[in-house]
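Asks: There's a structure below that I have some questions on.
The values are calculated or read from the model by the stated rules, or taken from the named source; none is laboratory data. Predicted, not measured: the structure shown is a model, and the values here were computed from it. All Cβ positions, glycine included, derive from the backbone under ideal geometry; neighbour counts span all protein chains shown. Just so you know, the surface numbers come from the protein's heavy atoms only, side chains and all, with ligands and any DNA or RNA stripped out. Shrake-Rupley method; radii C 1.70, N 1.55, O 1.52, S 1.80 Å.
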Amino acid sequence: MKLNSHHLLLYIIFLSFLISACGTSRPITEGDFRESEVPIEEVVSSIPNYFNELNTLSGKGRALVSEPGNSDRVTIDFEANQKLSLLTIHNRIGIEGGQMLVDKDSILIYNRVDKEAQKISIYDGRMTSLNELASINILDLINFKVDASEVNAIFESNNSFQLRLNNGSRVFVNKEERWVEQVTQTRPGLAPYSKIIYENYGELERFILPRKITIFSADGDSRVVFLVRSLTVNPGNLELEISIPENIKIQRL
């Protein structure tokens, strides 16, 4: 399979965790939501937040890609700290097709097949319909965090809390387990995705993390389901860089 920069960008994004299967997500947002009397601080403080404990990650996963006119699956090796994410993409027969290095401002894409390198802004959503999704740091994606100061209202149904954030985002939290189950955007253009669904949580070295993450593009037309096959928390000696041959010029787009 020949991986062009469009597919590299698409495949990468979705990083996360440990065996599971791709299935239809349960309707978290359905039901009668009413204004809640539970204090915002109480709900937010109960959501797992590993900002000071989870500093690095590495692992392997399978990405199931679905976009208009195309569907595919690839394997992704990933490494990340709180500043950088490095993703290495392999095709169905295990051949490495390319790498992506993501920081807070840009994405460096190296296509080993076509021998091309590009550096683009994380906000340049027109490079590909899923360009925005690659801008999500793996640590932030895996452990979605909410600060009480960001919440302006809280609603609840029988099964979920709905946190309404100042920026228009809505975060759905499982009432019993206090896991983040879904994040949706109500204002176009404010985030590199329209919806993230978290499923199949499990414990690994006292960290409670999702085993399956589905991310929808900003326009809602494409999605990637990421299933984690292996995960290491707080590994040392990460090499978060791409070795690009000197004869390949990095195109800045």
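Asks: Where the second residue is among the basic types (Lys, Arg) and part of a loop (DSSP other than H, G, I, E, B) and the first is free of Cβ contacts under 8 Å to residues at least 40 places away in the same chain and lies in region 101-120, which pairs have Cβ atoms under 7 Å and are six or more apart or on separate chains?
Replies: Qualifying pairs under 7 Å: Asp103/Lys83.
Asks: May I ask you to say which residue of Gly125, Gly97 is buried (at least 17 other Cβ atoms within 10 Å of the Cβ), outside any helix (DSSP H, G or I), in contact with a Lys or Arg (Cβ under 8 Å, 6 or more places away or on another chain) and modelled with pLDDT under 85? Please lay out each step first, then the result.
Replies: Numbers: Gly125 fails: in contact with a Lys or Arg (Cβ under 8 Å, 6 or more places away or on another chain).
Every option except Gly97 fails the conditions.
Asks: Okay, moving on. I'd like to verify a number: residues in region 36-54 that are open to solvent by 70 Å² or more (accessible area, probe 1.4 Å) and touching a residue at least 60 places away in the same chain (Cβ under 8 Å), how many? Steps first, please.
Replies: Within region 36-54, the first condition is being open to solvent by 70 Å² or more (accessible area, probe 1.4 Å), and the residues that meet it are 37, 41-42, 45, 49, 51-53.
With the extra rule that they be touching a residue at least 60 places away in the same chain (Cβ under 8 Å), the set shrinks to 41, 45, 49, 51, 53.
Residues flagged as open to solvent by 70 Å² or more (accessible area, probe 1.4 Å) and touching a residue at least 60 places away in the same chain (Cβ under 8 Å) within region 36-54 amount to 5.
Asks: Looking only at region 128-149, how many residues end up being open to solvent by 10 Å² or more (accessible area, probe 1.4 Å), modelled with pLDDT of 90 or more and either hydrophobic (A, V, I, L, M, F, W, C) or more than 21 Å from Ile208 (Cβ to Cβ) (or both)?
Replies: Residues meeting the conditions: 4.
Asks: Something else about it: Only one of Ala80, Ala117 is farther than 25 Å from Phe144 by Cβ and at pLDDT 90 or above. Can you tell me which? Lay out the reasoning, then the answer.
Replies: Details: Ala80 fails: farther than 25 Å from Phe144 by Cβ.
Going through Ala80, Ala117 in turn, the sole match is Ala117.
Asks: Now for a different question. What number of residues within region 196-253 are part of a loop (DSSP other than H, G, I, E, B), open to solvent by 30 Å² or more (accessible area, probe 1.4 Å) and more than 25 Å from Asn55 (Cβ to Cβ)?
Replies: 10
Asks: Asn158: at pLDDT 90 or above and out of contact with any strand residue (DSSP E or B) (no Cβ under 8 Å at 6 or more places or on another chain), yes or no?
Replies: Details: at pLDDT 90 or above: yes; out of contact with any strand residue (DSSP E or B) (no Cβ under 8 Å at 6 or more places or on another chain): yes.
Yes: the conditions hold for Asn158.
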